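Step one of this worksheet: look at the structure below.
Readers should treat all values here as calculations from the given coordinates under stated rules, not as data from a laboratory. Keep in mind it's a predicted model, so treat the numbers as computed, not measured. Cβ coordinates were reconstructed from backbone atoms using ideal geometry, including for glycine residues, and neighbour counts include every protein chain displayed.
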Amino acid sequence: MVRYLRLVLVQLRISAAAGMAYRADFIIEGVMAVAWMALTLLPLLVLYDQRSAVAGWDRSSALVVIAYFLGVRAVLEGVVSPSLVDLVERIRSGAFDYVLLKPVDAQALISASRFEPWKIFDLLGALALVIYAFHARGGPPSATGLAVGALLFVNGVLAMYAVWILCAAAAFWVVRLDNLTYLLGAIFDVARWPIHVFRGLWRMVFTFVIPVAVMTTFPAMALLDDLDARTAIATLAGTAALLVVSRLVWRTAIRSYTSASS
């Protein structure tokens, strides 16, 4: 475990050094993060302009959902997507052979292969948005809500990571995954809205098939003290099951890998 933590820290240091090699670019990325956050908030501001609540969510509560969306998206674009692109390129070129030769787990090594350090601005923006939302509500979250909300944020990130692993495993059979990554990015965009906005089949899909509710709505409900213990436990169990399935699929994909250089 210590070895893998050290590996992640080394990769973080290398990525941070590369990202800050051109400081002007780093600053520009920070400005762009603020601009993207403003664009993310714009639909919500328009929606609540003439309404006090939508599907039982007032504006300040919906801001908490968007804050979780920004946080999870920062991890997605800062860690997950760069590593997926790197994996596809390694499979195409045959460089994945060298990953398999390393004395560490291939999934762990690929997962920490690339980072985009300037996505820290998005995380800071998400934190600032949460603070503003609770200021608008008139008080801070409870200690229990804060603890469960933080736990479910990590849980949501792990659920997103498991979905990514399933997509990454597909790269061993279908090398061209560009369209799939764009599709997943577009689907993940619905996570900015509370799951209660969707009805019928769509709510089932975005809860159990593509668990965007697990990534944003349920953590936000926990932070707002609106999530019951049964749902919280089911959310944690569902993510654990998804991680197990993604690991099994990854191991199956590894066994089917044929080097491009062979």
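The table below lists the values:
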item: Vicinal HN-Hα couplings computed from phi for region 103-109 (Karplus, 6.51 cos²θ - 1.76 cosθ + 1.60; Hz; Gly/Pro x); result: x, 9, 5, 4, 5, 5, 5
item: Surrounding net charge for GLY138, when Lys and Arg each add one and Asp and Glu each subtract one, Cβ distance under 15 Å; result: 0
item: Packing-based ranking, highest mean first, of 46-57, 213-224 given that Cβ atoms within 10 Å are counted; result: 213-224, 46-57
item: Pairs of alpha carbons in region 114-231 whose separation is greater than 23 Å (percent); result: 39
item: Least to most buried among LEU129, LEU84 (fewest other Cβ within 10 Å first); result: LEU129, LEU84
item: Contact order relative to length of region 2-255, as percent, for alpha carbon pairs under 8 angstrom and 6 or more apart; result: 27
item: Fraction of alpha-carbon pairs over 28 Å apart in region 2-255 - percent; result: 37
item: Simple spin-label estimate for ARG230 and GLN50 in nanometres, 7 Å along Cα-Cβ; result: 3.9
item: Distance from region 35-86 to region 118-167 (C-alpha centre basis), Å; result: 11
item: Sorted peptide list for 137-148, 237-248, criterion being average Cβ within 10 angstrom, highest first; result: 237-248, 137-148
item: Cα-projected label distance for ARG203 with ALA170, points at 7 Å along beta-carbon direction, nm; result: 2.7
